[in-house]
Each structure stands twice: as structure tokens, then as C-alpha cells.
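The values are calculated or read from the model by the stated rules, or taken from the named source; none is laboratory data. Everything numeric in this text was worked out from a predicted model, so none of it was measured. Don't worry about glycine lacking a Cβ; one is built from the backbone with ideal geometry, like all the others, and counts go over all protein chains shown. To get the accessible areas, we keep the full protein, side chains included, count just its heavy atoms, and leave off ligands, DNA and RNA. Shrake-Rupley method; radii C 1.70, N 1.55, O 1.52, S 1.80 Å.
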Amino acid sequence: MKYICTLFFALLLFASCDPQDPLVGQTEITKWQGNKSGAVSITFDDGIINQLTIAKPILDSLDLKGTFYIITGKVEGSGKGKFIGRDPQEIINETAQVPTDSSNLFERASLIAYTGTSEAVDYHSRIGSLYEQGKVEEAYSLTDEGYAKIRNGQMKDTDDIVFHDNVEDTTTWDQYRFYSAQGHEIASHTVTHPRLAVLDEVNLKYELEQSKADLLKFIGEESIFSAECPYGTENERVMSYAHQVYHSLRNRMPEDWLEEINRGSRLTPGQSEKEYVQWQRGPLTRTSTEEAKSWADTVMNHDNTWLVLVYHGVENLGWEPKKREELVEYFSYLKAHEDQLWIAPFRNVTKYLRERKATTITTEINSDEILLNLTCSLDAELYQEPLTLKTYVPKTWSEVAIAVDEEVSNLQVMEDEKGKFVIYSALPNAKNIRLAKSGM
């Protein structure tokens, strides 16, 4: 009798959940949140006020969220730009006797921006540019030229914008905190926007760490996840320091499963065979809206592409400014294709991709229900971006309910060439997810 009862319940389970079908219970984390075709991150550099008074309201009107990499030294109340090191006059005097070389370039390039004029800031920028282009001897010569002008009193105030003293930008920490609470990412673009590649260690670390400290103090943990080192630098020395300070850099993400195509590259996503492609495009003043739309079209025609848009100027302020009407048209185009495009801040997309790669799923099939547990190897406090899951259900299920933490909701049953499935969201360490026929 006991044997007959056991057999009966076994047959009941077999019939209820159709366990002979190996497809039932198979679950995958979709490549993109919401099971979209690809992702788009709209990012802005330099914290230019028109980005916040013109571009951000456009995003808000469309319920889109962006990433704003701000120069924290311009915001009242934060740590300002400064030179850390020996007495400046001692260094200046030495330049008359000792030519610039590899032993002193970084110290001199770090100091020159703080010797009193905007022309000196320009020298710092040009020295860094030459150095990053591999024109090291030219960088030495330009440094000597700059310090000769300083010693001779020939430096001029050129009235150029000095990044760490830009009176045009008056955004407050209270405003940035409010923008962050709205879902926008406010993140670091360093303290003063220097050429990090030619800063010595102490000044390089200050630019990275002080900016992070102010973001943490005035906004919170959500603003210290990602950063962008100025001028899009990929200098190896800078990257080694910056990756110790920030969890993610728009400059470079060292994951082996990610292809990075920077703004200057002519490569296209279709030329990469990696699982993911981060494709950075910088819309310039001369970039047509139609060309920018074609970038979004490329994302929708692939399944592995993350388009990262890099904006600077807006209207008449900032480098390579874009007009309001162009932003309205383009952002509206992205919004119109939101069924295929996951549009989210840089931080959120980064977290999702990493979580997807680091999360495992265990599945148990019981009578009339599928039980799932997720385990993510990443820091659970830091990585809480909802994952999108796709689970195949028995072909006899026409209605499915999901229960997570005693909250029950209904899911739409869909079908592809393999069978019936449901799409739903869960946190990367969610436990006891129950899928069952409706009415459980």
C-alpha cells in the first residue's frame, strides 16, 4: 500500500510539472535589463551648468536618467585644487639650473598650474597632451619654456576658463544631491580636471581621492561607484591608481569579456566577437542628429552593444556644444525605442553586467512550482541592481504567478521557438523565488 501511494504521488508530480521536459526550469539572466536588445548611457563631462539647466530637464521630461561627471573643486564647500609638495619657489628656482627630464617632469607639471595665471594652466594641459602622445622630449621643452616665462614675469592671464575657478558654474551640493535622489548619477571628474598622466603621485592621488571624499560627504555611496579621468586618458599609471579608488572608470573597464571602443576608434561593434562591447561616441557640434540616431540603430541591430554617449558643451557653453533642439530630437528618438534600448546611467549598466557574470542560479522543480535561488559573488552591499531573469515553464501553464518575500504578482506567459517562458526581476542574491500556476 505504501509503495502504491508513493508511486501515485510520483506520477502526480510527473504530470503536474512535466519533468520529462528538460527545458522546464531552465533560467538565464538576460544580457540586458528588461530583456532589451542593448544599452545606452547618456553621460556629461565637466559639470557645466547648461548641462543641468538645459539638458537635464530634457531628460527629466522623458523620464530618462543620465550620468554627470562633475569637477568637484568648482562646487562650494569642497576641497579645492592645490599643489602638494616642496616650496614652489624652490622648484621654480631649480628650473633655471636643471633642465626638465624624467626625474622632475611630474613635479613641475603638477606645480605649473598653480603659479598664478590661466596661461600656466594651459601650459600644464599642453605638457600633458604631449606626454600622452609619446612626445616626451617636446613635453620637457614646453615645461622649460613655461617656467622660463614664470621666472621672467612673462606669464599672462589669457582669460581662458580655469577649470578649478570657473565662475560660470554655480551648481550647489544641495542641487547635486537632489539630482542624485531623482536617479541621475553624479560622479567624479576629479577636483580640477588636470592632465593626470603628468601629475606626481601625491597630487595624482589628491585629485582622485579628494573628489571621491567630497562626493561621499555631500551625496553618498551612490556617487562614488564610477568616475571619468579627464581627457579620456588611458595612461597605464593613471589607470592603476584610479582603479584603486573607484569601482569603475568610463576610461577603461578591465573585464576580459568586454570590448572597449573609445571615441577615437574607427572600429564598430560588429567587428568584435566579445560578449559585450562598450561603444563610446562623442557627439560634437558638427555631429548630425541623423548620425547619432544611426548609433542607436546599431545597438538595436546587435545583441551585445552598450552605447556610451559622451557630451560636453550645451548651447553656448562648454567644449563642442550641442543645441537644445538637437538634444530634444535625439533623446526623444532614444525614448521612442525604449522597448529595445535599456537607457540607464553608466553606474547601473556596469553593475548589471558584473552581476550577471558573477551570479549563479539554483533551481528546484516541485509539484506545480519552480523554486529559484540566486547567489552573487560580488559585494552584496554595493551590487543591488535588479537582474532580469527568463525562466521556461511547463507547456501546460497558461498563467504564472511569482512569489518573492511573500509578495505575489502575476507574470505574462510568452513563447519562443523553444517553449513557454516568463520574464521577471530579482536582486542578485534573491532567495526562495517561487514560480507557479496562478492561484497558488
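Tabulated data
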read-out: Sole residue being within 28 Å of Glu236 (Cβ to Cβ), part of a helix (DSSP H, G or I), hydroxyl-bearing (Ser, Thr, Tyr) and open to solvent by less than 20 Å² (accessible area, probe 1.4 Å), chosen from Tyr123, Tyr140; value: Tyr123
read-out: Residue within the range 4-18 that is open to solvent by less than 50 Å² (accessible area, probe 1.4 Å), modelled with pLDDT under 95 and of a type in the set (A, V, I, L, M, F, W, C) present; value: yes
read-out: Residue check for Ile365: over 33 Å from the mean Cα position of the chain (by Cα), crowded, with 16+ Cβ neighbours inside 10 Å and among the hydrophobic types (A, V, I, L, M, F, W, C); value: yes
read-out: Residues located in the range 261-284, provided they are over 30 Å from Glu315 (Cβ atoms), in contact with a strand residue (DSSP E or B) (Cβ under 7 Å, 6 or more places away or on another chain) and touching a residue at least 12 places away in the same chain (Cβ under 8 Å); value: Pro269, Ser272, Lys274, Tyr276, Val277
read-out: Flag for Asp60 being assigned to a helix (DSSP H, G or I) and surrounded by fewer than 17 Cβ atoms within 10 Å (Cβ to Cβ); value: yes
read-out: Test: residue in the range 165-183 that is assigned to a helix (DSSP H, G or I) and modelled with pLDDT under 95; value: yes
read-out: Residue match in the range 366-382 (condition: among the aliphatic types (A, V, I, L, M), touching a helix residue (DSSP H, G or I) at 6+ places or on another chain (Cβ under 9 Å), under 25 Å from Leu62 (Cβ atoms) and not in a strand (DSSP E or B)); value: no
read-out: Qualifying residue in the range 348-371 (condition: modelled with pLDDT under 95 and on the phi > 0 side of the Ramachandran plot); value: yes
read-out: Total residues in the range 393-428, condition touching a residue at least 40 places away in the same chain (Cβ under 8 Å) and closer than 13 Å to Gly25 by Cα; value: 7
read-out: Unique match (being open to solvent by 20 Å² or more (accessible area, probe 1.4 Å) and either more than 24 Å from Asp169 (Cα to Cα) or touching a Lys or Arg at 6+ places or on another chain (Cβ under 7 Å) (or both)) among Gly116, Gly73, Gly34, Gly47; value: Gly34
read-out: Residue ID - surrounded by the most Cβ atoms within 10 Å (Cβ to Cβ), chosen from residues in the range 383-440 that are assigned to a strand (DSSP E or B) and among the polar types (S, T, N, Q); value: Thr391
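Yes/no matrix, rows are residues, columns are (1) free of Cβ contacts under 8 Å to residues at least 12 places away in the same chain; (2) over 30 Å from Ala344 (Cα atoms); (3) of a type in the set (A, V, I, L, M):
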| residue | (1), (2), (3) |
| --- | --- |
| Thr67 | no, no, no |
| Gly73 | no, no, no |
| Gln89 | yes, yes, no |
| Ile92 | no, yes, yes |
| Val98 | yes, yes, yes |
| Ile112 | no, yes, yes |
| Val121 | no, yes, yes |
